[in-house]
Amino acid sequence: MNKKKIYDFHTHISSLEVFEAYYDQDIIPLINCQSRDEFKSLMNNREAFSGDRTRALDKVYYSMGIHPFDADIIGQQFGSSYEDLIKEANLIGEIGMDACWCDTPFEDQERAFIMSLDLAKKYNKPVILHTKMMEAKIYEILRAYDLDMVIHWYSCDKYVKEFIDLGCHFTVGPAIFVDYNVRNMVKLLPLDRILVETDGVEALEWLFKKKFDPRNLRNTLEAVIQELADIKQVSFDLMSDYLLANSERLLRKE
Ligand SMILES: [Zn+2]
């Protein structure tokens, strides 16, 4: 079977088993690292994976950045090497602000966010954004930046048009099946701004409230693509082609 490549444009991978499941199903993950240790485990998985296979791993793509939850402990997460580490990453993130799931002081969140955006500008990298309940503030901050931007798991019923006008892309995952705001957002998105994501096995287990078998990653992403195609009234193949092109453009693969 000649399956098309799918990019999971925002995920977290904690085990070699899941890492293998991705490549075995022709899914290219964009692996998010929120710390130096997570980056090390990614490199270890890559080495273990390519060590016992005949086919070489094309390339491992990853994003790196200080998560808003950890905005007050950059030193603990990255040591003094934050800039050195993120300048080698494909994308910077997830970065942003959050008023829902953490109580990290807003001054720390804003400072870490702006520092990360400045580094993205300096090294000409796209960013992945976490905007939970801070959409208006983040919109105001982003207006001053000319960057390639990806908003991850957006679920707010406001500001979608504003973020589209800023040039943002949006990663859409299985929340499309359960979240009315996500479905409405998708109706507004141009086809060349959409990407797909799982946010990792743990997020899928949280969303579906049950154990998730990583061998179902491809089925899960294909179901999301079919749903996107239905909402946008295009074929599955055309939707897949857009997702592939959008992903590779942001990864600067052209
Ligand atoms: Zn994530």
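The values are calculated or read from the model by the stated rules, or taken from the named source; none is laboratory data. Since we're looking at a predicted model, the values are computed, not measured. Note that we place each Cβ from the backbone using ideal geometry, even for glycine, and neighbour counts take in every protein chain shown. Side chains are part of the model used for accessible areas, which takes the heavy atoms of the whole protein and leaves out ligands, DNA and RNA. Shrake-Rupley method; radii C 1.70, N 1.55, O 1.52, S 1.80 Å.
Using a/c under 1.5 as the rounded threshold, could you call region 159-237 rounded, prolate or oblate? The axes a ≥ b ≥ c are square roots of the C-alpha gyration tensor eigenvalues, and prolate needs a/b larger than b/c, oblate otherwise. Before the final figure, lay out each step's value.
Details: a/c = 2.14, a/b = 1.60, b/c = 1.34.
Prolate shape, in that a/c is at least 1.5 and a/b is the bigger ratio.
Put +1 on the Cβ of every Lys and Arg and -1 on every Asp and Glu Cβ in the chain; which of HIS10, TRP101, LEU188 then has its Cα farthest towards the positive end of the dipole?
LEU188
Normalised by the residues of region 1-154, what does the relative contact order come to in percent, with Cα pairs under 8 Å and at least six apart?
Details: 244 pairs, mean separation 28.8, N = 154.
It rounds to 19 percent for region 1-154.
So, in Å, what gap is there between the alpha-carbon centers of region 163-219 and region 5-81?
19
Given H placed on each backbone N at 1.01 Å, which residues far from TRP153 in sequence or on other chains put an amide H within less than 5 Å of it?
THR171
Please report how far the C-alpha centroid of region 223-254 lies from that of region 127-153, rounded to the nearest whole angstrom.
Spelled out, the Cα-based centre of one part sits 22 Å from the other.
Among ASN246, ILE31, LEU217, flag the residue with its Cα farthest along the positive direction of the charge dipole of the chain, charges on Cβ as +1 for Lys/Arg and -1 for Asp/Glu.
ASN246
Quick one: what are the phi-derived ³J(HN,Hα) couplings along region 16-24, Karplus 6.51/-1.76/1.60 with θ = phi - 60°, whole Hz, x for glycine and proline?
The phi angles translate into 5, 4, 6, 4, 5, 4, 4, 5, 5 Hz.
Ignoring ligands, DNA and RNA, what percent of the 1.4 Å accessible area of region 142-183 is carbon and sulfur?
Values: 840 of 1890 Å².
Its accessible area is 44 percent carbon and sulfur atoms.
Placing unit charges on C-beta atoms (Lys and Arg positive, Asp and Glu negative, everything else neutral), compute the dipole magnitude of the chain about its Cα centre in debye, rounded to 20. Write out the running numbers ahead of the final one.
Numbers: 31 positive and 43 negative charges, 121 e Å.
Its charge dipole is roughly 580 debye.
Once ligands and nucleic acids are excluded and a 1.4 Å probe is used, how much of HIS12 is accessible, expressed in Å² to the nearest 10?
50
Taking a probe of 1.4 Å, how large is the accessible area per residue of region 15-135, in Å²? It would help to have the intermediate numbers written out before the result.
Details: 5360 Å² over 121 residues.
About 44 Å² of surface per residue is accessible.
In region 1-132, what percent of the accessible surface is made up of carbon and sulfur (1.4 Å probe, ligands and nucleic acids excluded)?
Details: 2820 of 5980 Å².
Ligands and nucleic acids excluded, carbon and sulfur reach 47 percent.
I'd like the projected area of region 6-249, averaged over all directions, using the convex hull of its alpha carbons. Report it in nm² with one decimal.
Working: hull surface 50.3 nm².
Dividing the Cα hull surface by four gives the mean projection, 12.6 nm².
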